[in-house]
Every structure is written in C-alpha cells, then in structure tokens.
Number of protein chains: 2
Amino acid sequence: MVKELDENPEALPDHVGWRLWQASRAWQAEFAAAMRAAGHGWFTEARAGLLGHIERSGIRQSALIERSAISKQAIQQLLDGLEAEGIVERLPDPHDGRGKLVRYTSKGLDALRDGDRVKMEIERHYVDRIGEERFTALMGALRALVAGQAAAMDEDAGVEGEVVESK
Amino acid sequence: MVKELDENPEALPDHVGWRLWQASRAWQAEFAAAMRAAGHGWFTEARAGLLGHIERSGIRQSALIERSAISKQAIQQLLDGLEAEGIVERLPDPHDGRGKLVRYTSKGLDALRDGDRVKMEIERHYVDRIGEERFTALMGALRALVAGQAAAMDEDAGVEGEVVESK
DNA sequence: TGAATGTCGTCAAGTATCTTGACTATATGG
DNA sequence: CCATATAGTCAAGATACTTGACGACATTCA
C-alpha cells in the first residue's frame, strides 16, 4: 500500500520515526478491528492507550495521571466513557478522602482476556511474517529504546526544559 | 512474549503493539518539539503524517487521497490548514480541470530541510542509545514487518472484508 | 488548633482531527 | 449528447484532546 515509497526516487521518508509510525498504526488498526469483531464495540485507540496503564488490580486515578502523558481532564473524560460502557468503575479511596480508585468490572476483565488472546494471535502472525529471530531482535531493540528514552528524560528533567511533554 | 500477562496477572502490558506505540509516540513527541523549537510552530503530528506523503516535487490531491489512510475531507482540511500557514499551495492541474496539484512553498521546503536535520539528529541519538547493530536490526525488522503487512493486506483484499481500513 | 498551602478530582469551554452525507464541476466512453 | 465516474468542496457532527477555574480534602507548621 505504501510501497511506492521505496520505488519512488522523490525521497519520501524512510527513517525510524516513519517506520515506527507505520508499524504502530498497523498494529493498532489490526488490534482494534479484532476487538470490535469480538464484540467490544466500545473499543477505541484512545481508550486502549489508557487501559494499558490500568493494572488488573486497579489503580488510583492520580497515579494514572502521573503515568499517562495526557492531561488529567482528558483522563477523566476517557474514564467517564469507560465507566458509562461498564468497563471500569470508580470507588472512593478509603485511605484518602480526595482520591478515587479505578477498577475493572467483570465486563472489563472479560475484555482484557479477549485482548490478551488477540495480542497473542497478532504476535504469532508477526513472527510468521518476519521470523522468530528478527522478531526477538525487534522486541529487544524496542525495549532498549524505550528504556533509554525514559533515562534520557530523567536526565533532561530541569535541564533542557520544555522539550519533553511535562504532564 | 506476552508472557508476563500469563505469569503475573498484575503486570502491565509488554508486547509488540505496546512497545511500538510507546516508541512511536516518543519519536513523534521529540520530533514535533524539535520542529517547534526550530520555529515551525504550525507543526503538528497530523500535519506531519500528511506531509510524509507529499513529495518535494508535489503531488495531485487525488493521489494524496489514495496514498493516505484518511478520508478525502480530512485531507482537504489538513491541506486548508497547511495552505493557510503558507507551507503548501494548491494549483489547478493543467491536465485535468477537476484536479489540483499540491506543492510546497519555499517556506514549506525550508521546513522540510529542518525536518531532515532533526530526523538525523534523533536517529543519531537512537544509535547512541542502543548501538548501531541493534538499530540496524530494528530498521530491518520494521521494514520487513511493514512490507509483510502490505502484502498481507493485498492478499486479504476482498476476502476478509473490513478488517483493514479501506481508504 | 487553625491558617496557609498543596493535592485530587470535577466542571466548563474551546480546539484539532477526524467522520459521513450531500453537492458541483469536470472528464470520459458509448 | 448523455450516462456515469472522478476530483474536489461544503456542512454538520463525533472524538479526543487542551487550558482555566473551582471545591473538597490533606498536610504542614507556627
């Protein structure tokens, strides 16, 4: 579909960022399509991004805010939606009258299980496509990259300033 | 590779999709921040995604539509914005009274040059972080993956149906 | 103790990025 | 010339964000 990019001498992008973007978009489209096909019509990319930060045991909303890269108001709106869909519920934090705990409902946990299944299926397809060795190398490189980025961000904190999105 | 989920139900996700998403988001954030820091305040992620499909020699708007994964109306709106910012201009296609050619302005070409510079800087940081060998492996795996996906999509076309976003 | 200050979550309003549907103008192939 | 397809636009609405303002509770410290 984007194969013209390689044939074309006009120098369309071929660099890490572009490739990562393409691969990520493709994964998300495949995953979301499979989830919706599995009956989870509420599933969207933005919600998936948030759910990825919510442990099965639940989490405090404020912790979720620290962990995610988006504003607390955006998180709240996403949670409102997920709550309305019956995927999560919010309970008062017994240890802090201000706080709230975000927890999966049984419907939410069902969706997570389906998500795990779909993930493994997609991963298997990926291994089939590019081979086990290459897949392992890909995962290793991605892990190292993300870890390195986190470290670089910690170093930069307060040094460079606003280059990194700060909460 | 999704093993933690099975071993430890508490674990947060660690699978290809998640890693690709994280890496892609990080790249985009870094790139956009650098571009804005370089004086290109109009630069956004969505616009970047579109510019990535526009050759330096220009392109017909209809070709851009085929190439991108979003609706023609969305493309038009993005082009409206880019045109208002003075990054691209739209000229009538001399060979087709209906068509329009999208071309970079000199301001747009300047931005592309800055973009190339930023891209190379980021790439250099990546190589520093994870090593040349791993970086090469990463690029190879990503290329193979995207190529494989395009092939799989071509095969599926008309068979599976709506799993892949069509136009 | 109680007053200043900070944290947690919410409400409100606005923006960017997409969608679908309806339409006009031009091209093309009998 | 007419039927139909293609290129682009206009309009309206949904989603996913943003910033700003605010109330409720917690913590600190004089």
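The values are calculated or read from the model by the stated rules, or taken from the named source; none is laboratory data. This structure is a prediction, so every number in the text was calculated from the model and none was measured. Cβ placement follows ideal geometry from the backbone for every residue including glycine, while neighbour counts extend to all protein chains displayed. Side chains are part of the model used for accessible areas, which takes the heavy atoms of the whole protein and leaves out ligands, DNA and RNA. Shrake-Rupley method; radii C 1.70, N 1.55, O 1.52, S 1.80 Å.
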(request) Could you tell me which numbered condition A:Ser68 fails, if it satisfies all but one of (1) within 12 Å of DNA strand D (Cβ to nearest atom); (2) among the hydroxyl-bearing types (Ser, Thr, Tyr); (3) surrounded by fewer than 16 Cβ atoms within 10 Å (Cβ to Cβ)? (result) (3)
(request) State which residue is farthest from DNA strand C (Cβ to nearest atom) when the search covers only region B:56-77 and only residues that are closer than 18 Å to B:Asp96 by Cβ and in a loop (DSSP other than H, G, I, E, B). (result) B:Ser57
(message) What's the total number of residues in region A:38-65 that are under 14 Å from the mean Cα position of the chain (by Cα) and closer than 15 Å to A:Gln28 by Cα?
(response) 10
(request) Could you please let me know if A:Gly41 is without any contact (Cβ under 8 Å) to a residue 40 or more places away in the chain, within 16 Å of DNA strand D (Cβ to nearest atom), assigned to a loop (DSSP other than H, G, I, E, B) and open to solvent by 30 Å² or more (accessible area, probe 1.4 Å)? (result) yes
(request) Only residues that are near DNA strand D (Cβ under 7 Å from one of its atoms) and either within 17 Å of B:Thr44 (Cβ to Cβ) or within 14 Å of another protein chain (Cβ to nearest Cβ) (or both): list them for region B:56-65, please. (result) B:Arg60, B:Ile65
(request) Working carefully through the options B:Ala34, B:Ala23, find the one that is more than 15 Å from DNA strand D (Cβ to nearest atom), open to solvent by 20 Å² or more (accessible area, probe 1.4 Å) and among the hydrophobic types (A, V, I, L, M, F, W, C). (result) B:Ala34
(request) Please work out which residue is modelled with the highest pLDDT, limiting yourself to region B:128-163 and to residues that are more than 7 Å from chain A (Cβ to nearest Cβ) and in a loop (DSSP other than H, G, I, E, B). (result) B:Gly131
(message) On the basis of being within 13 Å of chain B (Cβ to nearest Cβ), within 12 Å of DNA strand D (Cβ to nearest atom) and exposed (fewer than 15 other Cβ atoms within 10 Å of the Cβ), does A:Ala46 make the cut?
(response) yes
(message) Give me the residue from region A:79-123 that is of a type in the set (D, E, K, R) and in a strand (DSSP E or B) and, out of that set, nearest to DNA strand D (Cβ to nearest atom).
(response) A:Lys100
(message) Exactly one of these conditions fails for A:Lys100: (1) closer than 30 Å to A:His125 by Cβ; (2) open to solvent by 40 Å² or more (accessible area, probe 1.4 Å); (3) touching a strand residue (DSSP E or B) at 6+ places or on another chain (Cβ under 7 Å). Give me its number.
(response) (1)
